[in-house]
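Heads up, the thing below is written out as structure tokens.
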């Protein structure tokens, strides 16, 4: 669990509440069911309308990465690649068959199998790069779902505020209701802007960062496997791949 992200999400809510209290609006003034319906439900509806079902389902799978990010152990990956290169140098590519059975990463397992099958280096690179790019594209499309929520939420907040002001304008005969009515109307704007800038957009950027890190790790794996296929010295492979650790 990424405890820092959990703390930051909690702080996002606390900051808004403290701000309302310090501005003498009161914490209870932030509670509005109509505003929540217009902004949150409206945003969710807009996102669902624009997003294909497969992308939406994939988004629901990876949204947990915000709090439970996938571990990208590039240092451990480099160690495994060097071990494979040493085995291949001593025993030949067929010596890597036992490594296929114990390898947990599906992408690496596929690359190892292609090595053992005698796939040419350029063909190996081409096939794995297509898969890497495809995975990155699918994950990025899913991350754009919550990014879209960050784009729509402020606009829905304005819609909620306008609807609230329309209600106020219909009760101009009651001056005592004007102040609370106008204040309530702007709660929707707070919901829209705060949710977009404190939650949706930061979460989208974090998902994109994690996806790029995974893609970089796969690029490192490709370079390592191709180098093994080309019969490079393990020490040269290690020197080449060290750059990915930075």
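Does residue 145 satisfy the condition of being under 28 Å from residue 38 (Cβ atoms) and either touching a strand residue (DSSP E or B) at 6+ places or on another chain (Cβ under 8 Å) or part of a helix (DSSP H, G or I) (or both)? In short, yes.
Taking helices (runs of 4 or more DSSP H) as the structural unit, those lying wholly within region 45-136 and holding at least 2 residues that are more than 22 Å from residue 207 (Cα to Cα), in the same structural domain as residue 209 (by TED's automatic domain parsing) and in contact with a helix residue (DSSP H, G or I) (Cβ under 8 Å, 6 or more places away or on another chain) correspond to 74-91, 97-102, 106-116. For region 226-240, a tally of residues being touching a helix residue (DSSP H, G or I) at 6+ places or on another chain (Cβ under 8 Å), assigned to a helix (DSSP H, G or I) and farther than 11 Å from residue 122 by Cα returns 6.
The values are calculated or read from the model by the stated rules, or taken from the named source; none is laboratory data. Predicted, not measured: the structure shown is a model, and the values here were computed from it. Heads up, the Cβs are rebuilt from the backbone with ideal geometry, glycines too, and the neighbour counts pull from every protein chain shown.
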